[in-house]
Amino acid sequence: MLSNLAKLAVKRNPIGYKPQVWPGKFDNIVIAMSSGVDSSVSAALFAGYPNAKGIYMQNWTKEQSLTDPSDEPCYERDWKDVVRVAEHLNLPVERVNFEKDYWIDVFEPMLLQYDQGLTPNPDIGCNRFVKFGKLREVLDQKYGSNNYWLVTGHYARVLADVRAGSHQHLLRSFYTKKDQSYYLSQINFDILGQLLLPMGHLTKPEVRRVADSMQLPTANKPDSQGICFVNNSQHGKFNKFLQHYLPDSTGNIVTVDESSGIKRVWGSHQGLWSYTIGQKIGLSMPQGDPRYSGAWYVAEKLRDTNELVIVRGKDHDSLLKNQVTIQNFKILGCSPEEFYDLLNSTSVRGHITMQYRSLQDPITVHSYEFTHKDKGELALKLKLESKQRAMAPGQYCCLYMGARVLGSGPITETL
């Protein structure tokens, strides 16, 4: 099966990159198994290697869960699925507990950012600090640095640039409908050389067919939709989840008269964290008055006064911005000097794009300005070709050149 994937990967190989390198027969291979079909198929691809094993990361505990104590925790259900797949493949698998690391490096910073009215992305933090951070520390201690391959089920690719020797770049997945490179944009560059992302060469329907043909126990398991311990993180459930961890900080929901600047109070909120920029708000507005009829949306969070500013219409001008400021931009795949030269090159103008959320069409960057370059800290200001809706401070802005990830950083301001 792996030989068929290797042939397919060659056919789909992007121009300018060497073909995917695969492990040697006796290499150490560790497959991160989450219980989903993607990591299950990834495990199946390498289960025949004598030194392959699976690993499952538990990042939460029942004590931290807010679900019914009598319910089986999601991480236990996932672990049982991992074991079923491993037994089906005759693959050894172990379970590691990273709940403390997840709490300190991902969960607490997320809560702090929400409390500040920002819009964080815990998946990016989890990949950086846990899945490709703490896990790597554990594996380095066990196998030695650079003495193993780490396989995951992410839809992205890591390939060597033919023009830069063995320099590894993180690339979008071949199947862009499932591309997850955005979520990997903060991982450390030096792990790329031992990272294998086989799903990046396949489409999701192909993955399902492989799982079905191998009769994997998770072949028909639905894709996860967020953080399992928040019941898949639908907004309403996630808000209720946050209520247990964040203090009420009641403030006003207001409109601001465009000519006079006078505010009018229409309701109250539990905290700036309770709404996101661009979210529809369910207030009873005087629909008989043409000035207030229609749907209303959150356009701004005023931290100094703890107010949410709302506007009428999904595409109100206040929600459409074409400039973003990015702090603490983390470069991926090259040195700062190479990054500066790359952006200054006339040959790449018009080819630099950005995303401020996953699975969106690339947005062309019109121009940029370095606002801070000192001791590895980098800040950027971007002007986009077109206005974008609901870009919010706290979201990560990821820069691309074609399919290649250049790096990312949190948005601090939009204009």
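Given a 1.4 angstrom probe, I'd like the percentage of the accessible area of segment 1-142 that is carbon and sulfur, rounded to a whole number. If you can, show how the numbers build up before the last one.
Numbers: 3370 of 6660 Å².
Solvent-exposed carbon and sulfur of segment 1-142 make up 51 percent of the total.
Of K25/K221; K237/K314; K314/K387, which pairs sit farther than 19 Å apart, going by alpha carbon to alpha carbon? Present the calculation step by step, with values, prior to reporting the outcome.
Numbers: K25/K221 31 Å; K237/K314 23 Å; K314/K387 14 Å.
Pairs exceeding 19 Å: K25/K221; K237/K314.
Which parts of segment 376-395 would a label at R349 reach, counting a residue when its backbone N lies under 15 Å from a point 7 Å out along Cα-to-Cβ?
Backbone N within reach: 383, 385.
From the list [x] 26.0, 82; [y] 23.0, 74; [z] 22.3, 77, can you say which value of Rg and Dmax of the Cα atoms in Å was derived from the structure given?
It is the value labelled [y].
Quick one: what Rg and Dmax do you get for segment 1-214 from the alpha carbons, in Å?
17.5, 57
Quick one: what Rg and Dmax do you get for segment 87-204 from the alpha carbons, in Å?
Both quantities, over Cα of segment 87-204: 15.9, 48 Å.
Quick check on the chain: helices-only [θ] at 222 nm, where DSSP H runs of length 4 and up contribute -39,500 (n - 2.57) each and the sum goes over total residues. Nearest 500, please. Mind showing how you got there, number by number?
Values: 10 runs with 90 residues, N = 415.
When only DSSP H runs of four or more count, the value is -6000 deg cm²/dmol.
Between N147 and N51, what length comes free when the chain is fully extended (0.36 nm per residue of separation minus the Cα-Cα distance, one decimal in nm)?
Working: separation 96, 0.36 × 96 = 34.56 nm, distance 1.17 nm.
Answer, rounded to one decimal: 33.4 nm.
Which length gain, in nm to one decimal place, applies between H372 and N328 when the Cα-Cα distance is subtracted from 0.36 nm times their residue separation?
Details: separation 44, 0.36 × 44 = 15.84 nm, distance 0.93 nm.
Difference between extended and current length: 14.9 nm.
What does the charge add up to near V162, with Lys and Arg as +1, Asp and Glu as -1, over the other residues with Cβ less than 14 Å from its Cβ?
On the way: positive: K18, R163, R404; negative: D161.
My count for the surroundings of V162 gives +2.
Go ahead and run the numbers for FRET between D317 and R163, Cβ-Cβ distance against an R0 of 25 Å, rounding to 0.05.
Details: r = 43 Å, r/R0 = 1.74.
FRET efficiency, D317 to R163: 0.05.
Express the relative contact order of segment 57-194 as a whole percentage, based on alpha carbon pairs under 8 Å and six or more residues apart in sequence. Don't skip to the answer; put the middle values down first.
Values: 129 pairs, mean separation 27.4, N = 138.
Dividing the mean separation by the residue count of segment 57-194 yields 20 percent.
Give me the net charge for the shell around Q194: Cβ to Cβ below 12 angstrom, other residues only, Lys and Arg +1, Asp and Glu -1. Mind showing how you got there, number by number?
Numbers: positive: R136; negative: D27, D140, D190.
Summing Lys and Arg as +1 and Asp and Glu as -1 gives -2.
Aspartates and glutamates within cross-link reach of K80: Cα-Cα under 13 Å, excluding same-chain residues under 8 positions apart?
Answer for K80, where 13 Å is the Cα cut-off: E72, E94, listed by chain and number.
Tally the DSSP beta bridges in the chain and give the antiparallel ones as a percent, rounded to 5. It would help to have the intermediate numbers written out before the result.
Working: 52 of 68 bridges.
Taking every DSSP beta bridge within the chain, about 75 percent pair in antiparallel fashion.
Quick check: net charge around V365, other residues with Cβ under 15 Å of its Cβ, Lys/Arg +1 and Asp/Glu -1?
Values: positive: K321, R349, K381, K383, K387, R404; negative: D361, E369, E385.
So the environment of V365 carries a net charge of +3.
I'd like to check one number: the per residue accessible area of segment 251-314, probe 1.4 Å, reported in Å² as a whole number.
Values: 3410 Å² over 64 residues.
Solvent-accessible surface per residue comes out at 53 Å².
Can you give the Rg to Rh ratio of segment 251-314, both from alpha-carbon atoms, with Rh computed by the Kirkwood formula?
Numbers: Rg = 11.1 Å, Rh = 11.9 Å.
Across segment 251-314, the Cα-based Rg/Rh ratio is 0.93.
Could you state the accessible area per residue of segment 319-414 in Å², with a 1.4 Å probe and every protein chain left in place? Don't jump to the answer; show the numbers that get you there.
Details: 4330 Å² over 96 residues.
Averaged over the residues of segment 319-414, the accessible area is 45 Å².
Given R₀ = 41 Å, FRET efficiency for D257-D115 by Cβ-Cβ distance, to 0.05?
Calculated value: 0.90.
Just need the relative contact order of segment 1-120 here, percent rounded to a whole number, with Cα pairs under 8 Å and 6+ apart. List each step's numbers first, then the result.
Working: 120 pairs, mean separation 27.5, N = 120.
Once divided by the residue count of segment 1-120, the mean separation gives 23 percent.
Can you give the extra length, in nm with one decimal, that the chain gains between E137 and N188 once fully stretched, where that is 0.36 nm per residue apart less the Cα-Cα distance? Kindly include the intermediate steps, with their values, before the conclusion.
Values: separation 51, 0.36 × 51 = 18.36 nm, distance 1.24 nm.
Working it through step by step, the gained length comes to 17.1 nm.
With a 1.4 Å probe and all protein chains left in place, how much accessible area per residue does segment 1-105 have, in Å²?
Details: 5130 Å² over 105 residues.
Heavy-atom accessible area per residue stands at 49 Å².
The values are calculated or read from the model by the stated rules, or taken from the named source; none is laboratory data. For clarity, every value in this text was computed on a predicted model and none was experimentally measured. Every residue, glycine among them, receives a Cβ derived from its backbone with ideal geometry; neighbour counts consider all protein chains shown. What goes into the accessible areas is simple: the full protein's heavy atoms, side chains included, and nothing from ligands, DNA or RNA. Shrake-Rupley method; radii C 1.70, N 1.55, O 1.52, S 1.80 Å.
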